[in-house]
Amino acid sequence: MARLSDLGVDFQHWCFACGRLNDAGLHLDFDVSRDRAETRFTPQRGHEGYDGTVHGGILTALLDETMGWAIFHQGIWGVTARIAVTFRQPVKVGEELRVVGEVARMRSRAIETRGTVSRTSDGVVLAEADATFLVMPEQRRRELEQRYSGTDEAFARVREAVEREHADRGGGREHLRT
């Protein structure tokens, strides 16, 4: 997997989920591979809903952001059109979480994704989601790629690392574009 921050993706911005400038944010970083992104996160008291339990909005943000990063390595950027989250079990403040997002199906204008939040200690799935992202217009994608790359080559390096890993694994499953 390729670690975004190691490949030059610039997280010095205000995004609630991945930006470093937002003191109230989640400060996520991601490992990505073909059609997949993963992060780990340990919620703190400031992420609480009911006493000792993580707020469902925080879990939804974790899923939304992770599923969004699962699509970008191909040079495709999207915006969330729909997300549906199923909460399986309460999530306790302080327990480390593993969040995974995957591309389920790609179309010319929409990308369907799925994601899970599981407890790192035992792998139990605590929440899952499916979402639809709309493909961003090319001009806006170029603007954002320039803004978040720090250097022009950062996203190219990420795509190359993902493709190299995919080739090293013997190609795996075919690309999901339909």
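The values are calculated or read from the model by the stated rules, or taken from the named source; none is laboratory data. Please read all numbers here as calculations on a predicted model, not as lab measurements. Note that each Cβ is placed from the backbone with ideal geometry, even for glycine, and that neighbours are counted across all protein chains shown.
Tell me which residues, restricted to the range 108-139, are part of a strand (DSSP E or B), among the hydroxyl-bearing types (Ser, Thr, Tyr) and closer than 20 Å to Leu28 by Cα.
Thr113, Thr116, Ser118
Among the listed residues Thr66, Thr39, Thr86, Thr80, identify the single one that is hydroxyl-bearing (Ser, Thr, Tyr) and part of a helix (DSSP H, G or I).
Among Thr66, Thr39, Thr86, Thr80, only Thr66 is hydroxyl-bearing (Ser, Thr, Tyr) and part of a helix (DSSP H, G or I).
Among (1) over 19 Å from Arg147 (Cβ atoms); (2) loosely packed, with under 15 Cβ neighbours inside 10 Å; (3) touching a Phe, Trp or Tyr at 6+ places or on another chain (Cβ under 9 Å), there is one condition Ile111 misses while meeting the rest; what is its number?
(2)
State all residues of the range 38-52 that are under 15 Å from the mean Cα position of the chain (by Cα), surrounded by 18 or more Cβ atoms within 10 Å (Cβ to Cβ) and either of a type in the set (Ser, Thr, Tyr) or over 28 Å from Gln146 (Cβ atoms) (or both); if no residue qualifies, say none.
Within the range 38-52, just Thr39 meets the criteria.
Filter the range 53-79 down to residues that are closer than 18 Å to Phe133 by Cα and touching a helix residue (DSSP H, G or I) at 6+ places or on another chain (Cβ under 6 Å) and give me whichever is surrounded by the most Cβ atoms within 10 Å (Cβ to Cβ).
Among those residues, the one meeting the criterion is His73.
So which residues in the range 77-91 are within 11 Å of Val117 (Cα to Cα) and of a type in the set (S, T, N, Q)?
Scanning the range 77-91 gives Thr86, Gln89.
Among the numbered criteria (1) charged (D, E, K, R); (2) modelled with pLDDT of 80 or more; (3) in a helix (DSSP H, G or I), which one does Arg147 miss?
Going through (1) charged (D, E, K, R); (2) modelled with pLDDT of 80 or more; (3) in a helix (DSSP H, G or I) one by one, Arg147 breaks only (2).
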